[in-house]
Amino acid sequence: MSAVSTSAGMAAVLDGLRPRGGAALIGGDPVFCAEVLGVGGVAVSLLPDGEPSEPVWATPGLSLRLEDLQFTLGQGPSLDTLASGSHVLEPDVGRVDADRWPQLLPELRRFRIRAVFCFPLLVGGVCLGVLTLHRRSPGPLSDTAMDDALILAGALVSMVLDNALGQEGMATSEDPSVLYRASVHQATGMISVQAGVSLPQAMLLLRAHAYRHGKPVLDVAGDVVARRIHFRDIGWKPDRSGGKGTS
């Protein structure tokens with residue numbers, strides 16, 4: 001087995017990841033990281049205290065949209081990686097079986113995402129989060145990019161274990177200090193009270209509403225928190241087996 005080596009570009013990325021003070025929870029530029037890896041975008045998501053994965057570092061725009069789509073639909077390569085603790089490498093999503101991610105695949109086509117590569121952030125058998133790369137052209141990662149991605153995943157694990165991230169948040173070139181889904185967690189609690197259901201069922205209601213109306217779950221959560229929409233008297237019948245129930 002050949003040794004994994006770091007490219008000069010990834011060495012610069014790793015050096016920039018070290019926080020140097022200020023608002024950013026992870027230093028460096030995710031856009032530069034994507035360029036080094038030869039992909040269109042990169043996102044790092046962590047699992048805070050068993051909650052749904054939280055983006056903490058990402059290129060703006062499509063990477064965050066991909067994270068939100070998977071969160072809303074409850075399916076996708078990042079979730080498969082979290083569940084299995086294994087790499088999910090899809091160099092051509094057009095060749096993925098339609099039954100694998102039935103709701104997500106049409107959205108990937110709509111946003112012209114043609115390749116997705118997910119790497120687990122592992123400590124033993126525990127998956128702390130996922131490094132997700134995407135590209136608008138099909139094809140595998142180069143050998144150098146594959147080595148770099150593996151090294152980056154390992155470095156991110158070390159940062160998590162060293163508490164270098166502090167509290168979960170999102171660092172992008174647009175806004176480095178926003179807790180991306182804080183409003184989602186708040187909205188879930190409000191829906192739980194309004195609809196008289198458990199928190200997991202409230203999360204299902206929120207995601208179902210977002211999917212039904214074709215909106216990002218973050219936008220719907222903002223509407224709930226702002227009291228523009230509510231979930232009282234919706235006819236929700238809790239499924240005692242833990243399923244979705246009916247509305």
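Brief remarks on what is shown
- For the residues Leu141, Leu128, Leu121, the requirement of being in a loop (DSSP other than H, G, I, E, B) and either in contact (Cβ under 8 Å) with a residue 60 or more places away in the chain or outside the structural domain of Leu73 (by TED's automatic domain parsing) (or both) singles out Leu141.
- Set side by side, the residues Gly94, Gly76 differ, and just one is closer than 25 Å to Val126 by Cα, small (Gly, Ala, Ser) and out of contact with any His (no Cβ under 6 Å at 6 or more places or on another chain), which is Gly76.
- Residue in region 107-116 that is of a type in the set (Asp, Glu) and out of contact with any helix residue (DSSP H, G or I) (no Cβ under 8 Å at 6 or more places or on another chain) present: no
- Subset of region 161-212 that is over 22 Å from Ala58 (Cβ atoms) and in a loop (DSSP other than H, G, I, E, B) - its residue that is modelled with the lowest pLDDT: Ser198
- Hits in region 89-112 (condition: touching a Leu at 6+ places or on another chain (Cβ under 9 Å) and within 22 Å of Ala153 (Cα to Cα)): Leu89, Pro91
The values are calculated or read from the model by the stated rules, or taken from the named source; none is laboratory data. This one's a predicted model, so the numbers in the text were calculated from it and none came from an experiment. Glycine gets a Cβ as well: all are built from the backbone with ideal geometry, and neighbour counts include every protein chain shown.
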